[in-house]
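Bear in mind that the values in this text are calculations on the coordinates, not laboratory data. The structure displayed is predicted, hence computed values, not measured ones. Because the Cβ atoms are built from the backbone with ideal geometry, glycine has one as well, and the counts that use them run over all protein chains shown.
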Amino acid sequence: MTNDAIPLARLAGITVRLHATWFLVAALIVWSLRASYLPGSAPGYSAGAYWTAAVVVALLFFGSLLVHEFAHALMAQRRGIRVLGITLFLFGGVAAIEGEPEGAADEFWITVVGPLSSFGLAALFGLLWLAGREVSDLLGAMLGYLAVINFSLAVFNLLPGFPLDGGRLLRALVWWRTGDPSRATRVAAGTGVAVGYGLVALGIARAFTGSFVNGLWLVFVGWYLQSMAEQYRRQDASRSRFAGLRVGPLTDTAPAYVRPRDPLDRVVQDVVLARGVRTIPVLAPEPEPERTPGPGGDGFLGLLTLAGIVAVPRDRWGATTAAEAMVPASSLHAVRPDDPVEDAVRLMADRDVNQLAVLGQDGAFVGLLNRATVIRHLEIRATLPPQDTAARTTA
Ligand SMILES: [Zn+2]
């Protein structure tokens with residue numbers, strides 16, 4: 001869609017493009033303002049004044065859409081995500097960013113600033129309307145229109161279905177609660193399809209109860225939203241080979257480890273600070289003869305976490321051993337190499353941990369499964385299939 005759009009300007013390093021279909025909307029807005037809204041709310045002006053006012057309002061509406069999309073784009077940039085550009089088209093605007101947000105917080109902040117900026121613009125035009133209507137009826141009608149349209153834009157965008165901002169907020173919420181971006185996508189896409197069909201139904205009802213053009217427009221918008229949501233859901237299902245993915249290949253089989261008698265001060269110096277790790281397996285020192293040497297063959301005693309270390313007063317680090325501060329294996333939830341990754345991710349979310357010990361059938365230590373590794377892996381997988389997954393759009 002961005003390819004057959006006309007580059008218009010470059011602001012803050014972001015290219016703004018106009019899609020040909022946008023001119024249709026612009027013409028419709030100008031025409032409806034000129035033909036009915038402006039003469040209806042501010043009668044008695046010349047045709048020239050109405051035309052000028054209609055064009056100015058359409059331009060300011062266009063500017064308002066840009067502010068909304070720039071809010072998404074600038075927040076994405078601020079969070080270190082590359083912005084591919086902003087395109088205005090038939091149904092509004094999209095800010096395309098590269099890849100998917102890395103976490104629920106990114107998704108939330110990038111999304112929420114859009115509706116917030118539209119509410120802000122509504123408030124601004126509302127205040128200007130209070131002053132402007134004293135100056136002239138026409139100016140009041142123009143500013144009132146802009147306040148209402150920005151307010152409506154914000155509210156409409158908050159409908160909880162993908163690809164609307166509300167759908168993305170829902171996705172961020174589910175993602176945050178479950179730790180599972182794929183499940184979050186399914187939920188938001190599902191509600192998006194429902195919202196789309198809901199608008200189609202509403203549009204049909206309106207078309208038959210008087211407002212034919214508005215009704216028809218709603219049908220179009222609803223149909224477009226539902227097809228976007230459906231497409232997103234299909235894409236996600238095809239890239240979600242999550243189900244077949246096992247813990248084993250994603251396991252870090254050579255993590256930094258400590259021995260049970262190691263004092264905490266040395267652990268902090270040699271492992272926590274030196275290697276930048278927060279979770280350290282504690283392995284028994286005697287390699288059992290039937291197992292291979294190295295961490296893979298040693299007896300797993302428990303996990304020493306940064307929280308566990310910090311719980312010990314600092315002046316006692318020299319006298320406290322790793323074994324005393326660790327969470328023992330018996331009270332940990334470990335996973336097996338052949339467990340589905342999906343289950344492991346759910347377990348991490350439920351227990352609010354970022355690492356799980358991976359143990360073999362016989363209880364031998366295999367390695368650590370890191371949440372970050374899983375997420376990175378899934379994101380790379382999600383990026384790899386071609387189609388248009390490279391550019392994720394935000395409404
Ligand atoms: Zn938006």
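Estimate the FRET efficiency between L306 and Y224 by the formula 1/(1 + (r/R0)^6), using the beta-carbon distance for r and 45 Å for R0, to the nearest 0.05. Spell out each step's value before the answer.
On the way: r = 49 Å, r/R0 = 1.08.
E(calc), rounded to 0.05, equals 0.40.
How much length is gained if the chain between A284 and A194 is pulled fully straight, taking 0.36 nm per residue apart and subtracting their Cα-Cα distance, in nm to one decimal?
On the way: separation 90, 0.36 × 90 = 32.40 nm, distance 5.55 nm.
So the chain would gain 26.8 nm between A284 and A194.
Could you give the length gained by full extension between Q231 and E102, i.e. 0.36 nm per residue of separation minus their alpha carbon distance, to one decimal place?
So the extension gain works out to 44.3 nm.
Taking the Cα centre of each part, how many Å lie between the range 15-87 and the range 147-221?
The range 15-87 and the range 147-221 have Cα centres spaced 21 Å from each other.
To the nearest 10 degrees, how steeply does helix 104-135 sit against the main Cα axis of the chain, on a 0 to 90 scale?
Roughly 30 degrees between the two axes.
Using the Cα centre of the chain as the reference point, and only Cβ charges (+1 on K/R, -1 on D/E), how large is the resulting charge dipole? Debye, rounded to the nearest 20. The partial results should precede the final answer.
Numbers: 33 positive and 32 negative charges, 152 e Å.
Computed about the Cα centre, the dipole is about 740 debye.
GNM on the chain, C-alpha springs below 10 Å: top fluctuator among P263, P340, P313?
P313
Compare the peptides 35-48, 55-68 by average per-residue count of other Cβ atoms within 10 angstrom and give them in order, highest first.
Numbers: 35-48: 13.1, 55-68: 18.3.
Per-residue mean Cβ counts within 10 Å order the peptides as 55-68, 35-48.
Run the helix sum for the chain: -39,500 (n - 2.57) per DSSP H stretch of 4+ residues, divided by residue count, reported at 222 nm to the nearest 500 deg cm²/dmol.
Rounded to the nearest 500, the figure is -17500 deg cm²/dmol.
As an exercise, use a Förster radius of 30 Å and the Cβ-Cβ distance of T209 and W31 to find the FRET efficiency, rounded to the nearest 0.05. Walk me through the intermediate numbers first.
Working: r = 23 Å, r/R0 = 0.76.
After rounding to 0.05, the efficiency reads 0.85.
If you stretched the chain out fully between T52 and Q77, how much longer would it get, using 0.36 nm times the residue separation minus the C-alpha to C-alpha distance?
Working: separation 25, 0.36 × 25 = 9.00 nm, distance 3.65 nm.
Value of the extension gain: 5.4 nm.
Under 5 Å between amide hydrogens, which residues at least 5 positions from G367 or on another chain qualify, with H placed 1.01 Å from N in the peptide plane?
Counting only residues 5 or more places away or on other chains, the set is V358.
Relative contact order for the range 248-380 using alpha-carbon pairs under 8 Å, separation at least 6, rounded to a whole percent?
Working: 231 pairs, mean separation 38.7, N = 133.
Dividing the mean separation by the residue count of the range 248-380 yields 29 percent.
Once R0 is set to 35 Å, what does the formula 1/(1 + (r/R0)^6) return for the Cβ-Cβ distance between D315 and A123, expressed as a FRET efficiency to the nearest 0.05?
Working: r = 56 Å, r/R0 = 1.59.
Calculated value: 0.05.
Label points 7 Å out from Cα along the Cβ direction at A12 and I375: separation in nm?
Using points 7 Å along Cα→Cβ, the separation is 2.4 nm.
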